[in-house]
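Novice: Supplied in structure tokens, the structure appears directly below.
Each value in this text was obtained by applying a stated rule to the coordinates, not by laboratory testing. Quantities reported herein were computed from a predicted structural model and do not represent experimental measurements. Cβ sites come from the backbone with ideal geometry, for glycine too, and all protein chains shown count toward neighbours.
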Number of protein chains: 2
Amino acid sequence: MTETEPRKIERPFTRAVVIGTGHIGSSLLRAMRRSQAARTIVGCDASESVRQRLSELGIVDHVEADAAAAVRGADLVIVATPLGAYASVAAQIAPHLGSGTIVTDVGSVKRTAIRDIAPRLPAHVHLVPGHPIAGTEHSGPDSGFAELFEGRWCILTPPAGTDAAVVERVAAIWRAAGSMVEIMDPDHHDQVLAITSHLPHLIAYTIVGTATDLEEHLKAEVIRYSASGFRDFTRIAASDPVMWRDIFLNNRDAVLEMLGRLYEDLAILQRAIRVGDGDTLEAHFARTRAIRRGIVEAKQA
Amino acid sequence: MTETEPRKIERPFTRAVVIGTGHIGSSLLRAMRRSQAARTIVGCDASESVRQRLSELGIVDHVEADAAAAVRGADLVIVATPLGAYASVAAQIAPHLGSGTIVTDVGSVKRTAIRDIAPRLPAHVHLVPGHPIAGTEHSGPDSGFAELFEGRWCILTPPAGTDAAVVERVAAIWRAAGSMVEIMDPDHHDQVLAITSHLPHLIAYTIVGTATDLEEHLKAEVIRYSASGFRDFTRIAASDPVMWRDIFLNNRDAVLEMLGRLYEDLAILQRAIRVGDGDTLEAHFARTRAIRRGIVEAKQA
């Protein structure tokens, strides 16, 4: 793994459009401005208040409400909306995409780009789905920052037969943002993310919900004494509800499969606690330290 | 909530002994040295390598291997071993405790201090169980630091009838370390901690274990792409295995009760994912944001 420093892009686009300018979209806009990734950088969002903030922040050359208008003349279109909007965004922009335009996205489930965007695009357009493994629990254009992608991976899942030069132009955007780029099969991506991201979020959302339902006298103290453990879960469970709704709906099979495995493992520990089997508990807890060491060594801690 | 600044203690002890000098014990030793909490500060540990590091770190006046020898002449004894050692430590030190000595601890389950320490102590000794809500995933004397307790809560669970002046002397140690002190019923403490700390740790240990058991080709990528979600779980699941084994064995009923509630809530979300019920998912995820805001406002984030 070599970490790439943020830098100027070698072959800039003419007109780059980011559709959906929340936490990830606005971070990418900032990173692209820094790397001078396109002569004109356009932010497009369906929300009036988001567009207002985008103008005030001054991180784009143009702000657009209408995706069809935004993509006219664009040679790069980046879809950064929740997954549930992919099909309608693709339908809106498809008739207005010029020949050779590259379309990519930043979504957490790559099957969705293949299923909801690909079939709606004209044949003269290139689709290179992408997913930056980065983000915080914050939402909206104010929460974005150019450094978000530095030292993080970005996974691209181009369909078989995609022109290597096209993939390289998308990869260049991410490398200029400081990311390392990896090419992967979309189904494999969705399986890996089910365990590294989707299942942890599901569990965090659940446990924080369980705490929310506690008897009143316990609830206040749960907040007060949240140090160590719970507060990390609440941070994760503060992530955008619509974005996460769509992730679970779109990666259903992989998430349910991993949840099934989790249930099995939890049952073993539950039984060990119930019967007082300290050896099983200690052996399990000692084993999980190793995977943490791997993450620290891989500089993703 | 008023945050107290670290400061010198007003009425220092003559000889303070910390038994068990790992992450929490050694942090407390450092904080007590800074606040000049006792004229002589003694670190006692059963492990030769830990004692060796304790001497090298120079954070105590004396290092002792034998708990009985360590507590002779002490007016303050702080038990900071894993919970499983409480009964044997109490039995070792009991015959050597002078009249009026204050015994306290730092363990995560307060019933254990009541059950395993209290009945073994002579009548002329005061027991004030305590629990600082602080800590990192690191272990051992090198990982401790004096600032660990600053801005965090410390819960004391003195038995009914304990002299208020005695409780105050223990509270003074923690306030001088920068903590806010709260008095609580031990059973109530154990319930609150079951949801804020013990259950999150159990789940983190489980999910990291589930990932450890993945097929080899997935496992390497779980480490590589651990950003967002999973890496927080691996940090939690890197905590000391023996300490956590003992916590689960000692707070069994409260942990199993909270785990039962978690199962119910998880089943609801699991079903929503399976049947594609986005409204239920979104409503749940929106609700959990509120509890995060409470934690941020309580300055425990």
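Novice: Quick one: Karplus J couplings for the stretch A:59-72, per residue in order, coefficients 6.51, -1.76, 1.60, θ = phi - 60°, nearest Hz, x for Gly and Pro?
Specialist: My calculation for the stretch A:59-72 gives 9, 9, 7, 9, 10, 10, 8, 9, 4, 4, 5, 4, 8, 5 Hz in order.
Novice: Search the structure for amide H atoms under 5 Å from the amide H of residue B:7, placed 1.01 Å from N in the peptide plane, and list their residues when 5 or more places away or on another chain.
Specialist: So residue B:7 has HN proximity to B:178.
Novice: Turning to a different aspect of this structure: Within a 10 angstrom radius of each residue's Cβ in B:84-91, how many Cβ atoms of other chains show up on average? Whole number is fine.
Specialist: 0
Novice: Once you list every other residue whose beta carbon is under 12 Å from the beta carbon of residue A:52, what net charge do they have if Lys and Arg are +1 and Asp and Glu are -1? All intermediate terms of the calculation are to be shown ahead of the outcome.
Specialist: On the way: positive: A:51, A:53; negative: A:45, A:48, A:56, A:142.
Within the 12 Å Cβ shell, the charges total -2.
Novice: Now for a separate question. Would you kindly derive the ³J(HN,Hα) couplings of the stretch B:101-107 from the backbone phi angles with the Karplus curve 6.51 cos²θ - 1.76 cosθ + 1.60 (θ = phi - 60°), listing them in order in whole Hz, with x for Gly and Pro?
Specialist: Working through the residues one at a time gives 4, 9, 10, 9, 8, 10, x Hz.
Novice: Do the sum for chain B: with -39,500 (n - 2.57) for every DSSP H run of n ≥ 4, divided by all residues, what is the mean residue ellipticity at 222 nm, to the nearest 500 deg cm²/dmol? Before the final figure, lay out the partial values.
Specialist: Numbers: 12 runs with 140 residues, N = 301.
That calculation yields -14500 deg cm²/dmol at 222 nm.
Novice: Run down the aspartates and glutamates and flag those whose C-alpha is under 18 Å from the C-alpha of residue A:110, throwing out any fewer than 8 positions away in its chain.
Specialist: Straight-line reach from residue A:110, under 18 Å: A:182, A:185, A:187, A:190, A:246, A:253, A:257, B:221.
Novice: Counting pairs of alpha carbon atoms under 8 Å apart in space and at least six apart in sequence, what relative contact order in percent does chain B give?
Specialist: On the way: 511 pairs, mean separation 54.2, N = 301.
Relative contact order of chain B: 18 percent.
Novice: Apply the a/c threshold of 1.5 to the C-alpha gyration tensor of the stretch B:32-186 and tell me whether it is rounded, prolate or oblate. Before the final figure, lay out the partial values.
Specialist: Numbers: a/c = 1.44, a/b = 1.11, b/c = 1.29.
Rounded, because the longest to shortest axis ratio a/c is under 1.5.
Novice: So what are the ³J(HN,Hα) numbers for the stretch B:173-186, from phi and the Karplus equation (6.51, -1.76, 1.60; θ = phi - 60°), rounded to whole Hz, Gly and Pro as x?
Specialist: For the stretch B:173-186, the Karplus curve yields 4, 6, 5, 5, 7, x, 8, 9, 10, 9, 9, 8, 6, x Hz.
Novice: Any chance you could run the full-extension gain for residue A:290 through residue A:188? It's 0.36 nm times the residue separation minus the Cα-Cα distance, nm to one decimal.
Specialist: Going from the current span to full extension adds 34.4 nm.
Novice: If I model a spin label at residue B:145 and residue A:256 as a point 7 Å from the Cα along the Cα→Cβ vector, what separation in nanometres do I get?
Specialist: That separation, rounded to one decimal, is 4.6 nm.
Novice: Oh, and also: Taking every residue in B:273-280, how many Cβ atoms of other protein chains lie within 10 Å of its Cβ, on average?
Specialist: Per-residue shielding by partner chains comes out at 4.
Novice: Which angle from 0 to 90°, rounded to the nearest 10, does the C-alpha axis of helix A:278-297 make with the longest principal axis of chain A?
Specialist: That helix lies at roughly 20 degrees to the long axis.
Novice: Separate question: Hey, what angle do you get for helix A:241-250 against the long axis of chain A, alpha-carbon based, 0 to 90 degrees rounded to 10?
Specialist: Compared with the principal axis, the helix lies near 90 degrees.
Novice: Hey, another quick one. State, to one decimal in nm and shortest first, how far the label point of residue B:39 sits from each corresponding label point in the other identical copies (label point: 7 angstrom along Cα-to-Cβ).
Specialist: Nearest first, the other copies' label points are 8.4 nm away.
Novice: Sort shortest first the distances from residue A:287 to its counterpart in every other copy, using label points 7 Å along the Cα-to-beta-carbon line, and give them in nm.
Specialist: From this label point to the equivalent ones elsewhere in the assembly: 3.4 nm.
Novice: How far apart, in nm, are two points set 7 Å out from the Cα along the Cα-to-Cβ line at residue A:61 and at residue B:11?
Specialist: The modelled label-to-label distance comes out at 7.4 nm.
Novice: Moving to a separate point now. Between residue A:264 and residue A:123, what is 0.36 nm times their sequence separation minus the Cα-Cα distance? Round to one decimal in nm.
Specialist: 46.2 nm
Novice: Report, as an integer, the average count of C-beta atoms from other chains found within 10 Å of each Cβ along B:149-155.
Specialist: Across B:149-155, the average partner-chain Cβ count within 10 Å equals 2.
Novice: If neighbour count is taken as other Cβ atoms inside 10 Å, put B:45, B:190, A:187 in order from fewest to most.
Specialist: Going from least to most buried by this count: A:187, B:190, B:45.
Novice: Also: Using Cβ counts within 10 Å as a stand-in for footprinting exposure, how do B:105, B:116 rank, fewest first?
Specialist: Final ranking by Cβ density, sparse to dense: B:116, B:105.
Novice: Right, next: Any chance you could check the Cα centroid distance between the stretch B:33-47 and the stretch B:264-280 for me, in angstrom?
Specialist: 53 Å
Novice: Can you compute the modelled spin-label distance between residue B:280 and residue A:216, with each label point 7 Å from Cα toward Cβ, in nm?
Specialist: Computed distance between label sites residue B:280 and residue A:216 equals 2.9 nm.
Novice: In degrees between 0 and 90, to the nearest 10, how far off the longest principal axis of chain B does helix B:252-275 point, with axes built from Cα atoms?
Specialist: 20 degrees
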